[in-house]
Amino acid sequence: MKITLAGSRHFGVETLNMMRGHGIEVIRVVVADGEDRLAAAARAAGIEVVVQAKPKLIVASEIAPGTDLIVTAHSHALVGADALKAARLGGIGYHPSLLPRHRGIAAVEWTIREGDAIAGGTVYHLSDRLDAGAIAAQDWVFVKKNETARELWERALAPLGLRLLAQVIDQAKTSGVLPSMPQDEQFATNAPRLDKEVPHAAPKSAAS
């Protein structure tokens with residue numbers, strides 16, 4: 001299984017380390033910023049690094065030849081249709097919510113803002129719609145009382161993402177296909193960027 005990894009920051013590095021630990025061959029890393037810590041980790045491991053021509057778009061020429069699967073990890077770029085076609089199995093990403101709930105860049109913050117008692121993570125097929133591709137794997141966690149978005153991410157959702165990505169990649173490696181279940185659009189909500197992080201879950205009113 002040959003992977004092109006697109007991503008950034010700490011979660012990108014952790015995803016790279018997870019895949020290498022599972023014996024998965026990462027043949028190229030694609031980043032928006034050549035100085036990002038993921039780029040540095042890839043270079044240190046002897047993996048080719050490509051910097052996107054456009055920070056918000058990944059195109060076919062940036063996907064390594066022979067790629068079986070594109071994996072995104074903390075990437076805020078759209079993987080174009082031509083790029084997805086360049087990989088044998090297309091692409092997957094991790095989103096820290098129970099999709100289709102909380103689609104968008106601030107999913108964890110909206111989990112806290114809405115006072116959700118349960119959060120979760122989803123590995124989904126990359127598509128031309130934001131966070132709307134078919135579900136490949138999903139699991140849930142409890143949200144602790146007064147937990148912040150950062151605390152929830154670090155305690156539960158980031159580790160969950162690594163586990164689910166490993167699970168799906170291992171399945172694809174064994175079977176040659178990706179699990180796929182359409183999202184139920186009637187439950188879709190949006191999670192746009194907030195001005196500032198919500199400090200902790202708002203208490204539910206008696207009427208809620």
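The values are calculated or read from the model by the stated rules, or taken from the named source; none is laboratory data. Since the structure is predicted, the reported quantities are computational estimates derived from the model, not experimental observations. Please note: Cβ atoms are built from the backbone with ideal geometry, for glycine as well, and neighbour counts cover all protein chains shown.
Matching residues to (1) in contact with a Cys (Cβ under 7 Å, 6 or more places away or on another chain); (2) touching a residue at least 12 places away in the same chain (Cβ under 8 Å); (3) assigned by TED's automatic domain parsing to the domain that holds Leu78; (4) not small (Gly, Ala, Ser):
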{"position": "Gly7", "(1), (2), (3), (4)": "no, yes, yes, no"}
{"position": "His10", "(1), (2), (3), (4)": "no, yes, yes, yes"}
{"position": "Asn17", "(1), (2), (3), (4)": "no, yes, yes, yes"}
{"position": "Arg20", "(1), (2), (3), (4)": "no, yes, yes, yes"}
{"position": "Gly34", "(1), (2), (3), (4)": "no, yes, yes, no"}
{"position": "Arg43", "(1), (2), (3), (4)": "no, no, yes, yes"}
_Kindly evaluate Ile105 against the criterion of being of a type in the set (Val, Ile, Thr) and assigned to a loop (DSSP other than H, G, I, E, B)._
yes
_Among the residues that make up the range 156-173, is at least one of them assigned to a loop (DSSP other than H, G, I, E, B), over 13 Å from the mean Cα position of the chain (by Cα) and either aliphatic (A, V, I, L, M) or at pLDDT 95 or above (or both)?_
no
*asked:* Just to be sure I understand, how many residues within the range 134-147 are in contact (Cβ under 8 Å) with a residue 24 or more places away in the chain and either closer than 22 Å to Pro100 by Cα or not assigned by TED's automatic domain parsing to the domain that holds Ala172 (or both)?
replied: 9
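Report the residue count in the range 17-41 for those that are assigned to a helix (DSSP H, G or I), buried (at least 20 other Cβ atoms within 10 Å of the Cβ) and touching a Gly at 6+ places or on another chain (Cβ under 8 Å). Even if it seems obvious, please write down each step before you answer.
Taking the range 17-41 as the starting set, the residues that turn out to be assigned to a helix (DSSP H, G or I) are 17-21, 37-41.
Filter once more, so that each one left must be buried (at least 20 other Cβ atoms within 10 Å of the Cβ): 19, 38-39.
Next, only the ones that are touching a Gly at 6+ places or on another chain (Cβ under 8 Å) stay: 38.
So the answer is 1.
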*Please enumerate the residues belonging to the range 145-159 that are within 14 Å of His10 (Cβ to Cβ) and buried (at least 19 other Cβ atoms within 10 Å of the Cβ).*
Trp153, Leu157, Ala158
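For every residue, the table says whether it meets (1) among the charged types (D, E, K, R); (2) surrounded by fewer than 24 Cβ atoms within 10 Å (Cβ to Cβ).
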residue: Gly80; (1), (2): no, yes
residue: Ala86; (1), (2): no, yes
residue: His102; (1), (2): no, no
residue: Val108; (1), (2): no, no
residue: Thr111; (1), (2): no, no
residue: Asp116; (1), (2): yes, yes
residue: Val123; (1), (2): no, no
residue: Arg129; (1), (2): yes, yes
residue: Ala132; (1), (2): no, yes
*Does Ala73 count as surrounded by 13 or more Cβ atoms within 10 Å (Cβ to Cβ), among the small types (Gly, Ala, Ser) and free of Cβ contacts under 8 Å to residues at least 24 places away in the same chain?*
no
